Amino acid sequence: MADPMPPPNPMPTPPFRIGIMGCGTVADYGHSPAIHAVPELALTAVFDPVPGRAEDFARRHAVPAWFEDQEAFFAHGLDAVVICSPAPFHHSNVLAAAAHGVHVLCEKPIAMDDEQAEEMKTAMASAGKGFAVAFVYRYAKIAGQIRDWVQSGVIGDVRSMRLVYCWHLHGRYKPLSDGEWVENDIWRGRMLEGGPMVDCGVHQIDLARWWSGREIVRSTASAAWVADGYEAPDHVYAHLDHEGGLHTMVEMSFSYGHTAKEPAPIFTYDIIGTGGVIRYDRNGWSITAREGEGVIVGPGSAEKGFVEMHQAFAKALETNDWSLLPTPQDGQVATHIARTLTEFSMANRPT
């Protein structure tokens, strides 16, 4: 591999040297293309301990250096890392980044439990480095539009939100070259990490707090086990009571068409206020606000904003203003609620 580069400068300047830890799905389709699209960022190295994975990723994404050894990765000279590893590795990855004095943008869920999250926050604060959570849904154009409408009172006082993402998680089974069908690694891994509310629902829980500006004071959940073989439920309904009389329902599923030949996922937001309703449907990128004087049609977009998030990341690195990004506390709150409700559902599983 390449010779080690000098350690990061105390006050780096663009383009900032970015490393990715974990060369899986979200790094592949989301983070790497977005980093390449932001001129202030340079993806200079990737790390993955699985033999061959980092090299394959680096060659496909035009990254100049790849590593299977973590110490060699940090010795390459980085200003910041984006942590895209599976959730059980977030804790050790963040502690390593803190020890090597680099900034962190960490994928959700932030950690496996509150104790890990607290250790991560303490380590990064002691290192004096920025630490943010990659709640990429905040950066979609439609998410910003919804927040503007809510906070400007377009639909009056918001009293109810219904946030739904029911999908098949790429299918539970996949065919091998010999025609045998086996369980999909992605499906199995996400279920073992906690299931749909922990993996995906944290985004919706975060959006509910971010859009409304109201903390969640009570929560409960019900769940279904459509697929056999897992302790965690694969279809979960969370009910969240906020300050000020707002209620949010989050419905998350990994088993909506998980064995269907042609699955048809549902991804919708409904925000219901005293003066109207906001609705987003990913099918067609439709976003509208229906209020007393008519229908306002907003500019549609996908539900995620990877490029916009990395633009904010670059700005935070340049200005040291980390309020531009979701905080580790935001990540911990959403993850705590998601895990608590998943565990509650498991403890009260129907028999």
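The values are calculated or read from the model by the stated rules, or taken from the named source; none is laboratory data. Here the structure is a predicted model, which is why all the values come from computation and not from measurement. Positions of Cβ are generated from backbone atoms using ideal geometry, with glycine treated the same way; all protein chains shown enter the neighbour counts.
Which of the following residues is touching an Asp or Glu at 6+ places or on another chain (Cβ under 6 Å) and in the same structural domain as Thr288 (by TED's automatic domain parsing): Val150, Val164, Val182?
Numbers: Val150 fails: touching an Asp or Glu at 6+ places or on another chain (Cβ under 6 Å); Val182 fails: touching an Asp or Glu at 6+ places or on another chain (Cβ under 6 Å).
Residue meeting the stated conditions: Val164.
Among Val81, Val46, Val50, Val104, which is the only one that is under 30 Å from Arg339 (Cα atoms), touching a Cys at 6+ places or on another chain (Cβ under 6 Å) and at pLDDT 95 or above? Walk me through it before giving the result.
Numbers: Val81 fails: touching a Cys at 6+ places or on another chain (Cβ under 6 Å); Val50 fails: touching a Cys at 6+ places or on another chain (Cβ under 6 Å); Val104 fails: touching a Cys at 6+ places or on another chain (Cβ under 6 Å).
Only one candidate qualifies: Val46.
Looking only at residues in the range 321-334 that are touching a residue at least 12 places away in the same chain (Cβ under 8 Å) and more than 18 Å from Val82 (Cβ to Cβ), the one that is surrounded by the fewest Cβ atoms within 10 Å (Cβ to Cβ) is Gln329. Applying the criterion of at least 2 residues that are closer than 30 Å to Gly195 by Cβ and either among the aliphatic types (A, V, I, L, M) or in contact with a Pro (Cβ under 7 Å, 6 or more places away or on another chain) (or both) to the helices (runs of 4 or more DSSP H) found wholly in the range 1-115 leaves 32-37, 90-99. Residue count for the range 172-191 satisfying the condition of being over 20 Å from the mean Cα position of the chain (by Cα) and not aromatic (Phe, Trp, Tyr): 11. Within the span defined as the range 327-347, one or more residues are in contact with a helix residue (DSSP H, G or I) (Cβ under 9 Å, 6 or more places away or on another chain), more than 27 Å from Ile186 (Cβ to Cβ) and part of a helix (DSSP H, G or I).
Look at Asp114 and say whether it is surrounded by fewer than 21 Cβ atoms within 10 Å (Cβ to Cβ), outside the structural domain of Val198 (by TED's automatic domain parsing) and farther than 17 Å from Asp28 by Cα. Even if it seems obvious, please write down each step before you answer.
On the way: surrounded by fewer than 21 Cβ atoms within 10 Å (Cβ to Cβ): yes; outside the structural domain of Val198 (by TED's automatic domain parsing): yes; farther than 17 Å from Asp28 by Cα: yes.
In short, yes.
Do we find that Phe267 is modelled with pLDDT of 95 or more and more than 30 Å from Arg290 (Cα to Cα) in this structure?
no
Pick out the one residue from Thr248, Thr335 that is hydroxyl-bearing (Ser, Thr, Tyr), in the same structural domain as Tyr173 (by TED's automatic domain parsing) and over 19 Å from Gly144 (Cα atoms).
Numbers: Thr248 fails: over 19 Å from Gly144 (Cα atoms).
The conditions single out Thr335.
For Val133, are the conditions met, namely being among the β-branched types (Val, Ile, Thr) and either surrounded by 24 or more Cβ atoms within 10 Å (Cβ to Cβ) or under 16 Å from Pro328 (Cβ atoms) (or both)? Spell out how you get there, then give the answer.
Values: among the β-branched types (Val, Ile, Thr): yes; either surrounded by 24 or more Cβ atoms within 10 Å (Cβ to Cβ) or under 16 Å from Pro328 (Cβ atoms) (or both): yes.
Here the answer is yes, as Val133 does meet what is asked.
Candidates are the residues of the range 213-225 that are in contact with a His (Cβ under 8 Å, 6 or more places away or on another chain) and exposed (fewer than 15 other Cβ atoms within 10 Å of the Cβ); the one that is nearest to Gln332 (Cα to Cα) is Glu215. Considered as a group, the residues in the range 269-312 that are without any contact (Cβ under 8 Å) to a residue 40 or more places away in the chain and acidic (Asp, Glu) include one that is farthest from Pro15 (Cα to Cα), and that residue is Glu293.
Which of the residues belonging to the range 181-195 are in contact with a strand residue (DSSP E or B) (Cβ under 7 Å, 6 or more places away or on another chain) and surrounded by fewer than 17 Cβ atoms within 10 Å (Cβ to Cβ)? Within the range 181-195, Trp181, Val182, Glu183 qualify.
The set of residues from the range 302-311 being part of a helix (DSSP H, G or I) and surrounded by fewer than 21 Cβ atoms within 10 Å (Cβ to Cβ) comprises Val307, Glu308, Gln311. Scanning the range 148-180 for residues that are surrounded by fewer than 16 Cβ atoms within 10 Å (Cβ to Cβ) and hydroxyl-bearing (Ser, Thr, Tyr) yields Ser152, Ser160, Tyr173, Ser177. Restricting attention to the range 133-179, the residues that are part of a loop (DSSP other than H, G, I, E, B) and at negative phi total 13.
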